[in-house]
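Heads up: the structure comes next, in structure tokens.
Read-outs throughout are calculated quantities, based only on the coordinates presented, and are distinct from any laboratory measurement. None of these values were measured; they are calculated from a predicted model. Every residue, glycine among them, receives a Cβ derived from its backbone with ideal geometry; neighbour counts consider all protein chains shown.
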Amino acid sequence: MAEEMKDLIIDYIRNEYLDEEDDDMELDESTPLITSGIVDSFSMVSLKRFLEKKYSISIPDEEATPDAFNSVTSIMTLVQRHLG
């Protein structure tokens, strides 16, 4: 399941936030998303909503921090914590 989740999150980020000229950009589970500017505060909200809908979870706003969304690995940790 972790591999599926990782691929799903990477695909979502690539499709939603990267332009065609970014297609050759290296994007993996440790790519810094916030600090590199791939994900900003607005896209963080849409990514949070996507994850909540996809996994039927609720992520409290106070946990939706730039640190929690700075890499696919940290996003997966956040989601798995709420999957129970």
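A few comments on the model shown:
- Screening L78, L33 for residues that are among the hydrophobic types (A, V, I, L, M, F, W, C), without any contact (Cβ under 8 Å) to a residue 60 or more places away in the chain and under 18 Å from E3 (Cα atoms) leaves exactly one candidate, L78.
- Test result for F50, free of Cβ contacts under 8 Å to residues at least 24 places away in the same chain, outside any loop (DSSP other than H, G, I, E, B) and either in contact with a strand residue (DSSP E or B) (Cβ under 8 Å, 6 or more places away or on another chain) or among the aromatic types (F, W, Y) (or both): no
- Within the stretch 1-43, the residues that satisfy the criterion of being of a type in the set (G, A, S) and closer than 19 Å to A64 by Cβ are S36, G37, S41, S43.
- Among the residues of the stretch 1-37, just one is in contact with an Asp or Glu (Cβ under 8 Å, 6 or more places away or on another chain) and part of a loop (DSSP other than H, G, I, E, B), namely I34.
- Residue count for the stretch 53-75, restricted to those that are in a helix (DSSP H, G or I), buried (at least 16 other Cβ atoms within 10 Å of the Cβ) and either more than 11 Å from the chain's Cα centre (by Cα) or touching a residue at least 60 places away in the same chain (Cβ under 8 Å) (or both): 2
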